[in-house]
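What follows is one structure encoded as structure tokens, with my remarks underneath.
The values are calculated or read from the model by the stated rules, or taken from the named source; none is laboratory data. Everything quoted here is computed from the prediction, not taken from an experiment. Virtual Cβ from ideal backbone geometry, glycine too; neighbours counted across all protein chains shown. Surface areas here come from the heavy atoms of the whole protein model, side chains and all, with no ligands, DNA or RNA. Shrake-Rupley method; radii C 1.70, N 1.55, O 1.52, S 1.80 Å.
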Amino acid sequence: MHFTENDLSEMLGTMLRQRTASAKDLAHRIRVDPRAAEGYRAGRHLPPLPVFFRIVGALGDDIREALQNPVETHARLTAEIDAAERAAAEKRRIRDALAGRPAGVEAVSPASEGVQAR
């Protein structure tokens, strides 16, 4: 699969928007001007290599890996998310069993039923 520079800048921009609150937040984390950070978050251009290394340092290797191997990284992250969701479901099942609730029945609080607690 071949990606153009525009494809890569758009992918990086999407990841930066998902992982940072704002251009100002990104600028602070990677020590760049907020206008440059906004350009990276918008996917308008790729950062120079030293800035890219600071992005990886601040946000993790998933950014670097996703740009190098997007298909494989997507598959790996999807599998990790699925495993985490299965583990969480198992923990909920055990919690509910300990609370004496049948499997799949969520606890109901008075507030969720529209009843005011006194």
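Looking only at the stretch 1-53, residues that are of a type in the set (Lys, Arg), more than 18 Å from the chain's Cα centre (by Cα) and on the phi < 0 side of the Ramachandran plot come to 3 in all. Across the stretch 74-118, the qualifying residues are those that are assigned to a helix (DSSP H, G or I) and β-branched (Val, Ile, Thr), and the one among them that is modelled with the highest pLDDT is 94.
The set of residues in the stretch 8-46 being among the hydrophobic types (A, V, I, L, M, F, W, C), farther than 21 Å from residue 72 by Cβ and surrounded by 13 or more Cβ atoms within 10 Å (Cβ to Cβ) consists of 23, 26, 27, 30, 32, 36, 37, 42. Based on this model, can you work out whether residue 66 counts as assigned to a helix (DSSP H, G or I) and at pLDDT 80 or above? Judged against the criteria, residue 66 is not a match. Kindly indicate whether residue 5 is open to solvent by 60 Å² or more (accessible area, probe 1.4 Å) and in contact (Cβ under 8 Å) with a residue 40 or more places away in the chain. Yes, satisfied. The residue list 42, 75, 97 contains one member that is of a type outside the set (S, T, N, Q) and within 16 Å of residue 17 (Cα to Cα), which is 42. If the condition is being outside any loop (DSSP other than H, G, I, E, B), over 18 Å from residue 21 (Cα atoms) and open to solvent by 40 Å² or more (accessible area, probe 1.4 Å), then the stretch 47-61 contributes 49, 50, 53, 61. The residues of the stretch 65-84 that are open to solvent by 80 Å² or more (accessible area, probe 1.4 Å), within 15 Å of the chain's Cα centre (by Cα) and among the charged types (D, E, K, R) amount to a single one, 80.
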